[in-house]
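See structure below.
Read-outs throughout are calculated quantities, based only on the coordinates presented, and are distinct from any laboratory measurement. A quick note: this is a predicted structure, and the numbers were derived from the prediction, not measured. Cβ coordinates were reconstructed from backbone atoms using ideal geometry, including for glycine residues, and neighbour counts include every protein chain displayed.
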Amino acid sequence: MRIFIDISSDKIWICGLEKPIFLDRNGVEVEIGNILVELDKRYDITECIVLNGPGGFTNLRVGTLALNLLKTLKSNQIKLYNLSKPELYSIFYKNWWIPRYWIMYIGQKSNVWVWDTKEKKLIKMVKKSEIDDIKNEYWEIYLDQVYDNWYFWDLKGKLCYNYNDWIIHLNFNWEHIVEWSEITKNMVEKLEANYMIDPNVS
């Protein structure tokens, strides 16, 4: 079975099942390993796309560790695909589904990144409290996916999952579909947390 797991947001999100599973950061190191093993017993996970950063350091570290361990327990009989948020959103931008600029959750309570998808680079780090000012600088800007609405209070879109041969829907007032083959280009033997930032920065 194929699953999609987002370890780069404020909550770990496991989907591709009948119902999505959300894991809060507090206690995730105790929960995630057991949950993945139970899911594998029930569904026999054969492929997993991992939205792997940047994001919360705990979720990235624990998520990559648990998925690598699952692969070892399955005698490597699982394919892991590494996908960063800039790579995913580049697909959206290429198809004109989101604007060029977006604000990225990087796992910090107070700071976010303003990212230029066309140039594939960080424009600047800003305080989360300055988002309204940043929006005034750009004609249109997209807010990164998080699962607690308090973080981005006027979230423009939502990532959803369709567990057949397609994968991510981006919901505004319409839906777009990204094919599995478009986001499985980076198969890895071992996942490494993709912080894209020094974990010691506060």
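In whole angstrom, how long is each semi-axis of the equivalent ellipsoid of the chain, when you take the square root of 5 times every eigenvalue of its Cα gyration tensor and sort them from largest down?
Numbers: eigenvalues 154, 71, 45 Å².
The three semi-axes for the chain are 28, 19, 15 Å.
Using the beta-carbon distance between His176 and Val30 and R0 = 25 Å, what value does 1/(1 + (r/R0)^6) give for FRET efficiency, to the nearest 0.05?
On the way: r = 36 Å, r/R0 = 1.45.
That gives a FRET efficiency of 0.10.
So in the chain, what percent of DSSP beta bridges are antiparallel if you round to the nearest 5? Walk me through the numbers on the way to the answer.
On the way: 27 of 40 bridges.
Close to 70 percent.
Just the Cα atoms of the range 88-139, one point each, no solvent: what log10 I(q)/I(0) does Debye give at q = 0.24, 0.29 Å⁻¹?
Calculated log10 I(q)/I(0) at the listed q: -0.94, -1.16.
Given an 8 Å cut-off on Cα distances and at least 6 residues of separation, report the relative contact order of the chain as a percent. Kindly include the intermediate steps, with their values, before the conclusion.
Details: 367 pairs, mean separation 44.9, N = 202.
Rounded, it is 22 percent for the chain.
Assuming a strict under-13 Å limit between Cα atoms, what lysine pair count do you get for the range 86-159 once near-sequence pairs (fewer than 8 apart, same chain) are dropped?
Count of close lysine pairs: 6.
Rounded to the nearest 5, what is the percent of antiparallel bridges among the DSSP beta bridges in the range 86-159?
Around 80 percent antiparallel, to the nearest 5.
So if I place +1 on the C-beta of Lys and Arg and -1 on the C-beta of Asp and Glu, and nothing else carries charge, what would the dipole magnitude of the chain be about its Cα centre? I want it in debye, nearest 20.
Working: 25 positive and 28 negative charges, 58 e Å.
The calculated dipole for the chain is roughly 280 debye.
For the chain, set up a Gaussian network in which alpha carbons nearer than 10 Å are linked by springs, and say which option among Asp44, Asp144, Asp132 fluctuates the most.
Asp132
To the nearest 20 debye, what is the magnitude of the charge dipole of the range 86-159 about its Cα centre, counting +1 on the Cβ of each Lys and Arg and -1 on the Cβ of each Asp and Glu?
Working: 12 positive and 11 negative charges, 41 e Å.
Rounded to the nearest 20 debye, it is 200 debye.
Tell me the relative contact order for the range 86-159 as a rounded percent, counting alpha carbon contacts under 8 Å between residues six or more apart.
Working: 99 pairs, mean separation 19.0, N = 74.
Once divided by the residue count of the range 86-159, the mean separation gives 26 percent.
Let me have the 222 nm mean residue ellipticity of the chain computed from DSSP H runs of 4+ only, each contributing -39500 (n - 2.57), with the sum over all residues rounded to the nearest 500.
Details: 4 runs with 50 residues, N = 202.
Result for the chain, helices only: -8000 deg cm²/dmol.
Mind sorting Val50, Val28, Val146 by how few other Cβ atoms lie within 10 Å of their own Cβ, fewest first? Don't skip to the end; give the middle numbers.
Details: Val50 24, Val28 21, Val146 18.
Arranged by neighbour count, lowest to highest, Val50, Val28, Val146 become Val146, Val28, Val50.
Identify all aspartates and glutamates with a Cα-Cα distance to Lys71 below 13 Å; exclude those on the same chain that are fewer than 8 residues away in sequence.
Straight-distance partners of Lys71: Asp40, Asp44, Glu47, Glu189.
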